[in-house]
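Asks: Below is the structure I would like to discuss, written out as structure tokens.
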Amino acid sequence: MDNKNNPSEITYRDSGVDIDAGNALINSIKPHAKRTVNKGGQADLGGFGGLFDLKACGYSDPVLVAATDGVGTKLEIAHQSGIHRGLGIDLVAMCANDLLAQGAMPLFFLDYFATGKLEIDVATEVVAGIADGCLEAGCALIGGETAEMPGIYQNGQYDLAGFCVGAVERDKMLTPNMVGYGDVAIALPSSGIHANGFSLVRNLVKREGLDYNAPSPFDKTMSLAMSVLAPTRIYRDAVAAALLSGGVTGFSHITGGGLIENPPRCYAEDLCLRISLKHRPLLPVFQWIKFAGNMSDSEFARTFNCGIGGLIFVSKENADTVLRAVQETGEDAWIAGQIEKRGDESVILDGAQDVWR
């Protein structure tokens, strides 16, 4: 073919994709992956697939459980503030905590990082956060994918997705409707907003004319971005301790849908959960959101975790034993409610008119 009218060579880099930068990123994140190696995992990044030796973990009759998630529009605040590492922890937490709802312990994790133009320092910081989360969840970071896609994402922007696989012995699975009448709910505190509801938060920040890099309106010791980007808590140790104690009938990860829509996923339609809110005041971030946003109790509770990141359901006779076991992991847990026969509502929030005012 005659190329006399095309005097200059076109390259992948000229088109917006830098293969050398991708290779440099792999080298920069390998030490972070190696930090997460567990009994079954390997951290030799760069192959075509990640390997995991399930037998090495000691399971006898395992069922694999998988989860995938992202971090929502929390990404946009990271983009604007330049605070990235916590998003990696969020990514692991959103997946790993979901596995716990089946009684499964996280085994390995893979990530997907997509951007318009690869910035090695930013991507490394995100993956370092993913490694931090994997260490907390007890799982190995065994691989991932970095996609440089000019024209799809603007420069300086990126998107994240995570994939986590865990395992549980077949006879130890937590399945829907195991939670029964009279069971007690043990609450695990959240660190704040976690990774749900940020479209509302961003809308509120815009309406109030606030700057993410200015002091937070509810905590002058840090920027607004820092105060709302607190990473999602990972509840692996707390749930593992509870399961080991016995009597656990369910675990609810309080994510999208908040305190209203997540607990009922663990019990039958003729039951409800009555939660007493008097045991913990609202975290400052939630006080600000609720009052600055003039949110109704119902809208607030179905959008945010309201300070409760997870609920462990346990038989009444085992409640005190399980609570002690959970607290011994360092978790500031408390008995927050009980399962009752359902009337009109699947979740009843006692004390909202006093505590949330």
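The values are calculated or read from the model by the stated rules, or taken from the named source; none is laboratory data. These numbers were taken from a predicted model, which means no experiment stands behind them. Methodologically, a virtual Cβ is constructed for each residue, glycine included, from the backbone with ideal geometry; neighbour enumeration extends over all protein chains shown.
Asks: (1) crowded, with 23+ Cβ neighbours inside 10 Å; (2) closer than 16 Å to L349 by Cα; (3) touching a residue at least 60 places away in the same chain (Cβ under 8 Å); (4) of a type outside the set (S, T, Y): which one isn't true of C266, the others all being true?
Replies: Condition not satisfied by C266: (2).
Asks: Just one of the numbered conditions (1) outside any strand (DSSP E or B); (2) closer than 21 Å to G72 by Cα; (3) in contact with a Phe, Trp or Tyr (Cβ under 9 Å, 6 or more places away or on another chain) is not true of G103; which one?
Replies: (2)
Residues checked against (1) acidic (D, E); (2) touching a helix residue (DSSP H, G or I) at 6+ places or on another chain (Cβ under 7 Å); (3) under 18 Å from L283 (Cα atoms):
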residue	(1), (2), (3)
L200	no, no, yes
P217	no, yes, yes
M226	no, no, yes
A242	no, yes, no
T249	no, no, no
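Asks: Could you go through region 345-354 and let me know if any residue there is among the polar types (S, T, N, Q) and closer than 28 Å to L174 by Cβ.
Replies: As a first pass, look at region 345-354 and keep what is among the polar types (S, T, N, Q): 346, 353.
After this cut, where a residue has to be closer than 28 Å to L174 by Cβ as well, the list is 346.
There is at least one residue in region 345-354 that is among the polar types (S, T, N, Q) and closer than 28 Å to L174 by Cβ.
Asks: Evaluate the following for E119: is it under 21 Å from the mean Cα position of the chain (by Cα) and of a type in the set (D, E)? Working first, answer last.
Replies: On the way: under 21 Å from the mean Cα position of the chain (by Cα): no; of a type in the set (D, E): yes.
No.
Asks: Just give me the residues in region 58-80 being modelled with pLDDT under 95, assigned to a loop (DSSP other than H, G, I, E, B) and either in contact with a strand residue (DSSP E or B) (Cβ under 9 Å, 6 or more places away or on another chain) or assigned by TED's automatic domain parsing to the domain that holds Y212 (or both), in sequence order.
Replies: The answer is Y59, S60, D61.
Asks: So, one more: Can you pull out every residue in region 308-357 that is over 12 Å from A241 (Cα atoms) and free of Cβ contacts under 8 Å to residues at least 40 places away in the same chain? Lay out the reasoning, then the answer.
Replies: So the first thing to find is which residues in region 308-357 are over 12 Å from A241 (Cα atoms), and the list is 308-311, 313-320, 332-357.
Of everything in region 308-357, those that are over 12 Å from A241 (Cα atoms) and free of Cβ contacts under 8 Å to residues at least 40 places away in the same chain turn out to be D320, D344, R357.
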